[in-house]
Amino acid sequence: MPTNISATEEDYLKAIYKIAEEQVNDVFVNTNAIAARMNTKAASVTDMIKRLSEKELISYQKYKGVQLTTVGNTIAKNLVRKHRLWEVFLVNKLGYKWDEVHDIAEQLEHIQSVDLIDRLDNFLDNPRFDPHGDPIPDKDGHFAQIMDGVLADLLENDTCMVMGVKDHSATFLRFLEEQQLVLGAIVTIIKIHDYDQSVTVKLGESGIVFTISNQVSQHLYVKVV
């Protein structure tokens, strides 16, 4: 495993990993997608691709884009693991809210001590999911079962439990908290509106009824109960 990898290089590896994960059927990631994710110019991405290729962390194919090598993939998964473990720690042990932890975890994920992260994992009782419902890979890179459905996929009269979120932005998380659509919330679909696919729902035992947009329902992972 290379040891001379900068935090910026790690950020690029994680970005490539996440883009490839979102694409589902295409393991190659194009430079425009990387530039958009990293909020930088295409020229900067090209320079970084060269550096990562020289370190054998990615492979590049003309007209297709880049793909993580086995080593690059391992590093990216480990970053995801560290990030999500730190989020659990910040929420469960330090009292941060779920919309406050992402930026802090972005800094903490670059800590290199394997022993520290293993101890953190054990201290937290080896959590399988982070505060947003995202699965945490174990030290061997194995994930718990990932949620495979969103609220927008359900039908009228279906009842579900909120299991996670696709959008981790602080504004979205605060909106969900205001609506009490937090992890574990029980939601029943009352009506799906033909005009814009917005959804009227009833919330758990409180029986509160309100309408959410299709955009919101597309970003809520749920499990039918």
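The values are calculated or read from the model by the stated rules, or taken from the named source; none is laboratory data. Everything numeric in this text was worked out from a predicted model, so none of it was measured. Positions of Cβ are backbone-derived with ideal geometry, glycine not excepted, and every protein chain shown enters the neighbour counts.
Checking the conditions here, which among SER213, SER169, SER217, SER198 is buried (at least 19 other Cβ atoms within 10 Å of the Cβ) and not assigned by TED's automatic domain parsing to the domain that holds ARG37?
Result: SER217 is the single residue among SER213, SER169, SER217, SER198 that is buried (at least 19 other Cβ atoms within 10 Å of the Cβ) and not assigned by TED's automatic domain parsing to the domain that holds ARG37.
Going residue by residue through region 75-92, is there one that turns out to be under 30 Å from ILE192 (Cβ atoms) and not hydrophobic (A, V, I, L, M, F, W, C)?
no
Would you confirm whether any residue within region 88-102 is in a helix (DSSP H, G or I), without any contact (Cβ under 8 Å) to a residue 40 or more places away in the chain, loosely packed, with under 13 Cβ neighbours inside 10 Å and not assigned by TED's automatic domain parsing to the domain that holds GLY164?
No: zero hits.
Can you work out which of the residues in region 140-166 that are of a type in the set (S, T, N, Q) and at pLDDT 95 or above is surrounded by the fewest Cβ atoms within 10 Å (Cβ to Cβ)?
ASN157
Any residue that is touching a Leu at 6+ places or on another chain (Cβ under 7 Å), of a type outside the set (Lys, Arg) and either under 24 Å from PHE28 (Cβ atoms) or surrounded by 17 or more Cβ atoms within 10 Å (Cβ to Cβ) (or both) - is there at least one of those in region 109-116?
yes
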